[in-house]
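Notes to accompany the following structure.
The values are calculated or read from the model by the stated rules, or taken from the named source; none is laboratory data. Here the structure is a predicted model, which is why all the values come from computation and not from measurement. With ideal geometry, Cβ positions are generated from the backbone for all residues, glycine too; neighbour counts draw on all protein chains shown.
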């Protein structure tokens, strides 16, 4: 151990989960209280490094406003008055309410939900599937879910940058892996690969530090990623830079794909994307000629009407250049021998007649195939009881008032729903509206076989090092609730038993697992040579047979974003700028951590990025409060003038609320960019239901007063 | 003669992630407002027609003739033989003269205790053979600690003095 342990101080190994998580940590514990967190130098994920959020975890854990015991609403909804109740009372109430709605309206009237998930996804899906509800509201329609589902139908599994295989060229696309968590590997590996001399191409409308370090920065018009990717493919095909052997043997639908790509010559792509033709060619050549190469892709391209085709076109870039499943390319990691999240989720136990009732399942068929729903359909089912009424919403680590599009509609729906349960760390603007609030345990207060939903080939040991108040892990809560709801035969008596069951294929007990810290699958490259790709044709389906079956275009294409100066010239006069939302700061994870003093100090107020020319035109000065308005609503953020954004584009932060402001609102309407976003199904990706959070139209002006 | 210790940061490799700042706060139990190492940036700049974004983690440079020490009216600031400049929090009267005197603007004021404070290279750690807390958390691997002469030899005088390394990047460290 590298640190200085004081007298009576223990150092325990665990894995952080302050964001999407998985960094190895050493936790110092003295007399039942955690005192310090350090990166674990032995953990292969982070090798001793840690981010600000991870280090600040103890300020969250011991925060004076932390929820320490269950609360039941007294007085009117959202009135901020609560009674403390016991966990036994919680379970009695939940059992009675769940049975009441299940018997009266069907299990589908109960919606389970999580945000980005606190590594509790497997338990939530298992609970929902056993209960018989097909409705689990996640961020999966627009975050990570599209990458996984699109990859599975296209090439059988999610391809991930193989940093340890030494990529010579990395194309970072719609991702700031240094600042935010790219799910599989962390920024460290990207940083190390660049230090070893890998070439870097960055596709981003903003000039990030990655763009600063890049060999080529493609500053594209927001929302045009698929056109850019198809334009690069055009160059690669025209100049015969593709891997002919791989294409000949392993691509399904090559001729049809080539015909489609022909519609995207660089001159036309340049017009669509604002990227100069020569840069498109240069990037295509650099990526195709430098081997091995990989694409570090991110969420930004998924929150778009082009979600699925953005992903498909990037897979195509990796595939045709021969970079799939080769060292240093984009690989399919081999999972460790444990039960994975999908198996644990018991998706097959959901009766087919219940599955047919999945909200929006008939509309977004790719999402439906992966048990993912679009939030708008939940809000409508609550508000208009169509196609059936949703009576109960059970949110576990989710703050949709801040993080879902069309916040006004979300707020109305949550206000109306008959029974709202929220499990979280604090009374968030969403939790303030609940009927029942459960105090959730942080990563320091739980045992788990962590990160088994990820596709990086690891299972990580997370151990309970402290107990805070009556807080309980969501996993344990769902297991105990399931046991009381007649699901006993599908659960285990204790969480420890469940963890042992997850580990059973490895032959380890949880205790033994804690000793070794992590399990890693044994990597093997070019697995397709033996068994092909796990798609219907056993090939990489650039022409997707599944998409065709569902009635979608089997080939990727560019759709003009539904609200852009081109698709809505009528709006240009009033809303002259393109608004992108969701630029990531280091301090926060979506709506979380604004009450953590050390983190809030890094970023005290929400920032909106504006080019100095635009600011001057609009009479906005550095640091001014700015009114940002879209056709649907408005909010306020502080002006940050920067040359790193196109003068035609405005970049706003998301999920800002102010825990220090008065309950129950906590200022949720002040800086909430989701008052401006749209969730109309016609603006969502037609197959995945991805919400378009990234390309809107807006105007900006200095806030008066 | 005791060897001088130093912390060198290659700003070209700094990602601006703020991890060093938080690691320092945790290690030294800093209150809000006190930032012994602070990642600063002038934002995106246009230099010779090209955009540039640089992060500069500012911290006490343990000057060889510390201006802060010279102006302290109560001699609360001392320098160890290894170069570490220390402020005696019991002796400090909170007059803030050192804060004004610091040419790098890195002296901090602890509002709760009413005293000046700053980076001391985690002397409590290095005296036990460990590195300062900011180093291992860094994903850019751009914070180096050691003997000043050796660091200057390895990374160059220019980089040491200005914290900048022109356009050249150090790799494979």
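Residues in segment A:663-673 include at least one that is away from chain B (no Cβ under 14 Å), assigned to a helix (DSSP H, G or I) and under 24 Å from the mean Cα position of the chain (by Cα). Output yes when any residue across segment A:577-590 is within 20 Å of residue A:682 (Cβ to Cβ), away from every other protein chain (no Cβ under 14 Å) and part of a loop (DSSP other than H, G, I, E, B), and no when none is. No: segment A:577-590 contains no residue that is within 20 Å of residue A:682 (Cβ to Cβ), away from every other protein chain (no Cβ under 14 Å) and part of a loop (DSSP other than H, G, I, E, B). Within segment A:68-87, is there a residue that is at pLDDT 95 or above and under 25 Å from the mean Cα position of the chain (by Cα)? For segment A:68-87, residues at pLDDT 95 or above and under 25 Å from the mean Cα position of the chain (by Cα): absent. Among the residues making up segment A:33-44, those that are closer than 23 Å to residue A:602 by Cβ and either modelled with pLDDT under 95 or facing chain B (nearest Cβ under 8 Å) (or both) are A:36, A:37, A:38, A:39. Residues that are part of a loop (DSSP other than H, G, I, E, B) and either facing chain B (nearest Cβ under 10 Å) or touching a strand residue (DSSP E or B) at 6+ places or on another chain (Cβ under 6 Å) (or both) within segment A:46-72 comprise A:46, A:47, A:48, A:49, A:50, A:51, A:56, A:67, A:68, A:69, A:70, listed in sequence order. Annotation: residue B:78 fulfils all but one of (1) over 29 Å from residue A:23 (Cβ atoms); (2) assigned to a loop (DSSP other than H, G, I, E, B); the unmet one is (2). Taking the criterion of being more than 14 Å from the chain's Cα centre (by Cα) and at the interface with another protein chain (Cβ under 7 Å from one of its Cβ atoms), the residues of segment B:23-35 that qualify are B:26, B:32. Residues that are in contact with a helix residue (DSSP H, G or I) (Cβ under 6 Å, 6 or more places away or on another chain) and either assigned to a loop (DSSP other than H, G, I, E, B) or free of Cβ contacts under 8 Å to residues at least 12 places away in the same chain (or both) are absent from segment A:606-618 altogether.
Can you tell me which of B:75, B:82 is surrounded by fewer than 12 Cβ atoms within 10 Å (Cβ to Cβ) and closer than 27 Å to residue B:113 by Cβ? Outline the logic, then answer.
Values: B:82 fails: surrounded by fewer than 12 Cβ atoms within 10 Å (Cβ to Cβ).
Among B:75, B:82, only B:75 is surrounded by fewer than 12 Cβ atoms within 10 Å (Cβ to Cβ) and closer than 27 Å to residue B:113 by Cβ.
Please state which one of A:148, A:172 is modelled with pLDDT of 95 or more and within 14 Å of another protein chain (Cβ to nearest Cβ). Don't jump to the end; show me each part of the working.
On the way: A:148 fails: within 14 Å of another protein chain (Cβ to nearest Cβ).
On inspection, the qualifying residue turns out to be A:172.
Being over 26 Å from residue A:410 (Cα atoms), in contact with a helix residue (DSSP H, G or I) (Cβ under 7 Å, 6 or more places away or on another chain) and not assigned by TED's automatic domain parsing to the domain that holds residue A:484 is a property that residue A:22 lacks. Taking the conditions (1) touching a strand residue (DSSP E or B) at 6+ places or on another chain (Cβ under 9 Å); (2) free of Cβ contacts under 8 Å to residues at least 60 places away in the same chain; (3) within 22 Å of residue A:678 (Cβ to Cβ) in turn, residue A:359 satisfies each one other than (2). The residues on offer are A:343, A:354, A:296, and the sole one that is in a strand (DSSP E or B) and closer than 30 Å to residue A:116 by Cβ is A:296. Each residue in segment B:112-140 was checked for being surrounded by fewer than 19 Cβ atoms within 10 Å (Cβ to Cβ), part of a loop (DSSP other than H, G, I, E, B) and within 13 Å of chain A (Cβ to nearest Cβ), and 6 of them qualify.
Just one of the listed residues (A:613, A:618, A:609, A:601) is within 13 Å of chain B (Cβ to nearest Cβ) and more than 29 Å from the chain's Cα centre (by Cα), and it is A:613.
In segment A:1-22, what residues are part of a loop (DSSP other than H, G, I, E, B) and either surrounded by fewer than 24 Cβ atoms within 10 Å (Cβ to Cβ) or at the interface with chain B (Cβ under 10 Å from one of its Cβ atoms) (or both)?
Of segment A:1-22, the ones part of a loop (DSSP other than H, G, I, E, B) are A:1-8, A:16-22.
Across segment A:1-22, the qualifying residues are A:1, A:2, A:3, A:4, A:5, A:6, A:7, A:8, A:19, A:20.
Can you spot a residue in segment A:632-640 that is in contact with a strand residue (DSSP E or B) (Cβ under 9 Å, 6 or more places away or on another chain), outside any strand (DSSP E or B), more than 30 Å from residue A:64 (Cα to Cα) and more than 13 Å from chain B (Cβ to nearest Cβ)?
Keep residues of segment A:632-640 that are in contact with a strand residue (DSSP E or B) (Cβ under 9 Å, 6 or more places away or on another chain), which gives A:632, A:634-640.
When the remaining residues are screened for being outside any strand (DSSP E or B), the result is A:632.
Narrowing further to those that are more than 30 Å from residue A:64 (Cα to Cα): A:632.
Within this subset, residues satisfying the condition of being more than 13 Å from chain B (Cβ to nearest Cβ) are A:632.
Yes, segment A:632-640 has at least one match.
Just one residue in the set A:257, A:207 is crowded, with 22+ Cβ neighbours inside 10 Å, more than 20 Å from the chain's Cα centre (by Cα), within 12 Å of another protein chain (Cβ to nearest Cβ) and touching a residue at least 24 places away in the same chain (Cβ under 8 Å); that residue is A:207. Within segment B:148-161, not a single residue is out of contact with any helix residue (DSSP H, G or I) (no Cβ under 8 Å at 6 or more places or on another chain), touching a residue at least 24 places away in the same chain (Cβ under 8 Å), crowded, with 17+ Cβ neighbours inside 10 Å and over 30 Å from residue A:195 (Cα atoms). For segment B:88-104, indicate whether the set of residues that are outside any loop (DSSP other than H, G, I, E, B), more than 22 Å from residue A:52 (Cα to Cα) and out of contact with any helix residue (DSSP H, G or I) (no Cβ under 6 Å at 6 or more places or on another chain) is non-empty. Yes: one or more hits.
Residue count for segment B:36-69, restricted to those that are away from chain A (no Cβ under 14 Å) and touching a helix residue (DSSP H, G or I) at 6+ places or on another chain (Cβ under 7 Å): 2.
Condition (residue is modelled with pLDDT of 95 or more, closer than 19 Å to residue A:25 by Cα and assigned to a helix (DSSP H, G or I)) applied to segment A:498-511: is it met by at least one residue?
At the first step, the residues of segment A:498-511 found to be modelled with pLDDT of 95 or more are A:498-511.
Now narrow it down to the ones that are closer than 19 Å to residue A:25 by Cα: A:510-511.
Among the residues that remain, those that are also assigned to a helix (DSSP H, G or I) are: A:510-511.
Yes, segment A:498-511 contains a residue that is modelled with pLDDT of 95 or more, closer than 19 Å to residue A:25 by Cα and assigned to a helix (DSSP H, G or I).
When the strands (runs of 3 or more DSSP E) confined to segment A:165-262 are screened for residues that are more than 30 Å from residue A:534 (Cα to Cα), those reaching at least 1 such residues are found at A:199-203, A:216-218. Please tell me if residue A:530 is under 24 Å from residue A:261 (Cβ atoms) and loosely packed, with under 15 Cβ neighbours inside 10 Å. In short, no. Taken over segment A:288-299, residues that are over 15 Å from residue A:148 (Cα atoms) and surrounded by 24 or more Cβ atoms within 10 Å (Cβ to Cβ) amount to 3.
Looking at this structure, is residue B:104 modelled with pLDDT of 95 or more, more than 14 Å from chain A (Cβ to nearest Cβ) and in contact with a strand residue (DSSP E or B) (Cβ under 7 Å, 6 or more places away or on another chain)? Spelling it out, it is not the case that residue B:104 is modelled with pLDDT of 95 or more, more than 14 Å from chain A (Cβ to nearest Cβ) and in contact with a strand residue (DSSP E or B) (Cβ under 7 Å, 6 or more places away or on another chain). In summary, residue B:44 fulfils each of the numbered conditions (1) free of Cβ contacts under 8 Å to residues at least 24 places away in the same chain; (2) buried (at least 19 other Cβ atoms within 10 Å of the Cβ); (3) out of contact with any strand residue (DSSP E or B) (no Cβ under 6 Å at 6 or more places or on another chain); (4) not in a helix (DSSP H, G or I) with the single exception of condition (3).
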